[in-house]
1. Residues that are touching a Phe, Trp or Tyr at 6+ places or on another chain (Cβ under 7 Å) and of a type in the set (Val, Ile, Thr): list the helices (runs of 4 or more DSSP H) wholly contained in segment 19-95 that include at least 1 such residues.
2. Can you say whether residue 195 is at pLDDT 90 or above, under 20 Å from residue 316 (Cα atoms) and among the small types (Gly, Ala, Ser), as far as the supplied structure shows?
3. Give the number of residues within segment 249-266 that are part of a strand (DSSP E or B), more than 18 Å from residue 305 (Cβ to Cβ) and touching a residue at least 12 places away in the same chain (Cβ under 8 Å).
4. In the list 296, 291, which residue meets the criterion of being more than 26 Å from the chain's Cα centre (by Cα), in the same structural domain as residue 254 (by TED's automatic domain parsing) and either loosely packed, with under 10 Cβ neighbours inside 10 Å or modelled with pLDDT under 90 (or both)?
5. When you look at residue 339, is it surrounded by fewer than 16 Cβ atoms within 10 Å (Cβ to Cβ) and either within 27 Å of residue 123 (Cα to Cα) or within 26 Å of the chain's Cα centre (by Cα) (or both), yes or no?
6. Give the residues of segment 96-117 that are more than 29 Å from residue 191 (Cα to Cα), part of a helix (DSSP H, G or I) and touching a Ser or Thr at 6+ places or on another chain (Cβ under 9 Å), sorted by residue number.
7. Restricting to segment 250-287, name every residue that is exposed (fewer than 14 other Cβ atoms within 10 Å of the Cβ), among the polar types (S, T, N, Q) and at pLDDT 85 or above.
8. How about segment 253-288: which of its residues are of a type in the set (A, V, I, L, M) and closer than 22 Å to residue 326 by Cα?
Amino acid sequence: MATTTTIGLDLAKNVFQVHGVDASGKTTIRRQLKRREVLAFFEKLQPRCLVGMEACGSSHDWARRIEALGHTVHQLPAEDVKAYRRHNKTDAADAEAICEAVTRPRLKVVPTKTVEQQMLSVPHTVRDHLITVRTATRNMIRSLLSEFGVIAATGDKGLETLLAIVTDAARTEIPAPLRPPLMAAAAVLAETEASLDRIDAQIAAHAKTDERVRRLKSIPGVGPLIASAFVAAVTAPQIFPSGRAFAASLGVTPKMTGTGGEVTYGPVSKRGNVYLRRLLYLASAARLAAAQKRPATADPKLTALLARMPFRKAALALANKTARIIWVLLTRGGTFIDKHLPAAHAQRASGSAMTQYAGSVEI
């Protein structure tokens with residue numbers, strides 16, 4: 001009887017699909033498993049196998065459980081597995097594609113997160129959702145009041161004016177029947193704001209105790225929120241060969257297309273973690289906006305960057321640079337040092353300075 005060496009596991013909520021092959025690639029297992037049967041199946045499976053699965057919401061938990069039984073688990077990006085599916089999309093076809101893709105050495109494996117690492121990302125996920133709720137509630141209040149001719153300026157001050165109209169029963173700008181539902185929306189907005197404050201306080205408290213977060217905070221433009229988000233999301237920075245590769249994984253590098261030996265660079269790819277990319281861009285845009293507002297006291301590098309390119313392009317370039325610095329600190333340790341030069345560059349710069357000095361003496 002052939003010995004199974006590789007398993008492709010298609011994850012689901014209740015029904016899981018398994019596809020196994022032996023060392024020669026011949027199919028040995030093709031079956032469905034109920035959720036309660038998965039761990040028992042892998043516990044009985046001998047010898048221990050290479051198990052592949054698509055990286056998704058529940059994959060880290062399953063990877064930890066199956067690895068505890070002695071198997072080797074590789075999580076693969078779903079977009080990479082798609083290329084190996086030969087037939088119509090079914091659970092069996094997906095499991096077969098995973099089984100084939102996991103044996104390809106060129107495909108990168110998503111590192112399995114520990115429980116602690118996943119717990120760090122929960123406040124950021126909830127925070128991002130609450131910001132969406134807050135924005136939607138604010139826009140709803142503004143749009144409903146505008147239907148009755150009540151308009152206010154944009155920003156927080158304008159919203160405060162509208163909320164004062166809604167909550168004050170003595171105001172006559174809106175009809176009385178409209179006030180109760182709008183007050184319910186205002187209550188949701190107030191609770192959302194309070195929840196955001198509590199989550200921000202939790203993230204700030206963790207930032208004071210985590211050594212990695214403290215080191216990332218030394219980078220200009222990186223505060224406790226960005227530092228904590230990167231520590232939670234980037235569990236194995238060493239899998240990226242360079243800072244540029246790390247920045248490319250976040251979607252802040254140009255998209256390359258080419259044929260016939262000619263390569264064209266387009267807009268940024270917008271791949272990878274949307275939340276991290278958004279934080280980097282917003283932080284960079286805030287730094288550049290402050291430099292535009294107060295150029296006399298701004299960092300000359302920022303003003304020079306704005307002079308060379310449009311604002312949004314400059315913000316993306318600054319976000320790219322920040323991502324590369326984050327990768328360096330995560331992989332090599334230490335804190336940010338302004339105007340730092342690697343040893344080889346520093347030696348060349350020192351030699352150049354000595355040559356210039358000697359030349360000036362001779363003259």
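1. On the way: elements: 38-44, 59-68, 78-81.
Once the helices (runs of 4 or more DSSP H) in segment 19-95 are filtered for at least 1 residues that are touching a Phe, Trp or Tyr at 6+ places or on another chain (Cβ under 7 Å) and of a type in the set (Val, Ile, Thr), what remains is 38-44, 59-68.
2. Against the criterion (at pLDDT 90 or above, under 20 Å from residue 316 (Cα atoms) and among the small types (Gly, Ala, Ser)), residue 195 does not qualify.
3. Number of matching residues: 2.
4. 296
5. For residue 339, the condition - surrounded by fewer than 16 Cβ atoms within 10 Å (Cβ to Cβ) and either within 27 Å of residue 123 (Cα to Cα) or within 26 Å of the chain's Cα centre (by Cα) (or both) - is not met.
6. Result: 96, 99, 100.
7. 257, 264
8. Listed by number, the residues that qualify are 268, 274, 276, 279, 280, 282, 283, 285, 286, 288.
The values are calculated or read from the model by the stated rules, or taken from the named source; none is laboratory data. Given the structure is predicted, the values throughout are model-derived calculations rather than measurements. FYI the Cβ positions are ideal-geometry reconstructions off the backbone, even for glycines, and counts take in every protein chain you see.
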